Amino acid sequence: MTDKHRICVLGGTGFVGRHLVARLAAEGHYVKVLSRRRERHRELLVLPTVHVVEADIRDESTLIRELTGLDTVINLVAILNESRRARFRDIHVELPRRILSACRKVGIHRILHMSALNADSGRGTSVYLRTKGEGENAMHAESGIAVTSFRPSIIFGNDDRFFNRFARLLRLTAGPFPIASPNSKLSPIHVDDVVDAFVHALDNRATFGQRYELCGPKSYTLLQLVEYTADLIGANRWIVGLGPTLSALFARLMEFVPGKPLSRDNLASLQQDSVCKGPIAEVLGVKPISVEEVVPTYLQPRKSRVKYYRYRQNARR
Ligand SMILES: NC(=O)c1ccc[n+]([C@@H]2O[C@H](COP(=O)([O-])OP(=O)(O)OC[C@H]3O[C@@H](n4cnc5c(N)ncnc54)[C@H](OP(=O)(O)O)[C@@H]3O)[C@@H](O)[C@H]2O)c1
């Protein structure tokens, strides 16, 4: 039985955040979510013990005000691509520093911080990974605050932006489907397993000051995962793995596509395999579920109305 906490989640409206906040609320913790736009997140507003507050987290005095009276901070905020308004350094390095400073001032002694596998301030292959590494190091440099960091590979789940995005792109386009950096390896981990790791670490003193890699039970190349996605949705497409030069050109082109499905910095992140050194640390109590057990439950072939009707008729017989 864990103590009930008063937790502030930054980034609680995102993919991982929505799952984590729902779980924390279900376990009876009070959860305050800071968001740039409160009204966009109605699904969180209805959860008991969850309080969504519109706040500018770039401002330390706002953080101090919102953190007062709480005992734990969870930081999930990150960006995959820079924009004029959001720079990697501000979001991945300066924000963690501001969170630490605010925690020190209001007397919060526990932080769970989301980093990323391969985050490394010196050797990260992309600006994303280098700044994530710098932010993680900054978090652990503070004495007097118990910080636990998590370093996941790609995260999947019914509302993910990995399998769902490839499925959408496969459905929307025609002809050969090009993939940059096809041989990069990934170990997808399910979002509920990531949530488990956070929840189990919350009160566990053995996790204080530790940094944990989080991977699923199997590794795949990016090409294998896209081919699997195409199979599941019934897209009969030729998936073409691009070599390094064409991958670079493709990433450059994709930066002009709305939603930036790929950027040169994303491609740089893929230059290093996103696989863990070993299984998930036992102390986290996570038994990771595989891609094959879950993804078919949310990616299915789209049946035309007639085909769907026939399928239902046959299923009834
Ligand atoms: N998803 C993955 O596969 C994956 C893999 C490895 C590591 N991670 C890490 O896991 C964490 C969560 O990832 P996610 O996929 O859940 O991210 P996400 O869906 O993009 O959510 C990110 C959250 O950060 C907040 N945010 C984004 N830009 C911001 C800005 N400029 N200023 C203030 N807040 C901003 C957003 O909150 P509001 O819009 O409400 O303000 C949003 O809820 C991140 O640290 C990420 O690096 C994710």
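Expressed in Å, the radius of gyration and Dmax of the Cα atoms of segment 1-120 are 13.8, 46. Here the spin labels are modelled as points 7 Å beyond Cα on the Cα-Cβ line, and at residue 56 and residue 109 they lie 3.4 nm apart.
Computed from Cα positions, the angle between helix 15-26 and the longest principal axis of the chain comes to roughly 60 degrees.
Peptides 194-205, 165-176, 5-16 ranked from most to least packed, by the mean per-residue count of other Cβ atoms within 10 Å: 5-16, 194-205, 165-176. Rg and Dmax of segment 1-54, based on Cα coordinates, read 10.2, 34 Å. Check the chain for me: any Cys whose beta-carbon has no other cysteine beta-carbon within less than 4.7 Å? Cysteines of the chain left without a disulfide-compatible partner: 8, 103. For a quick check of your reading of the filter: which chymotrypsin sites (Phe, Trp or Tyr not before Pro) in segment 236-304 sit in a DSSP loop and have no more than 13 other Cβ atoms within 10 Å? Those that pass, being in a loop and sparsely packed, are 238, 256.
Restricted to Cα atoms, segment 52-153 shows a radius of gyration and a Dmax of 13.3, 40 angstrom.
Loop-located trypsin sites (Lys or Arg not before Pro) across segment 231-286 with a Cβ neighbour count of 10 or fewer within 10 Å are 277, with loop assigned by DSSP. Rounded to the nearest 10 degrees, the inclination of helix 95-106 to the longest alpha-carbon principal axis of the chain is 30 degrees.
Count the lysine pairs in the chain whose Cα atoms lie under 27 Å apart, taking only pairs 8 or more positions apart in sequence or on different chains. Count of close lysine pairs: 18. The smallest convex shape that holds all Cα atoms of segment 76-232, its convex hull, gives 138 Å³ per residue. Taking the square roots of five times each eigenvalue of the Cα gyration tensor of the chain, the equivalent ellipsoid has semi-axes of 34, 24, 19 Å, listed largest first. Gaussian network model of the chain, Cα springs within a sub-10 Å range: biggest mean-square fluctuation belongs to which of 84, 161, 42? Its mean-square fluctuation being the largest, the pick is 84. Eigen-decomposition of the gyration tensor built on the alpha-carbon atoms of segment 205-255 gives equivalent ellipsoid semi-axes of 33, 19, 9 angstrom, largest listed first.
FYI, it's all coordinate maths here, none of it is from the lab. Predicted model only: the values in this text are computed from it and were never measured. Note: ideal-geometry Cβ built from the backbone for every residue, glycine included; neighbour counts use all protein chains shown.
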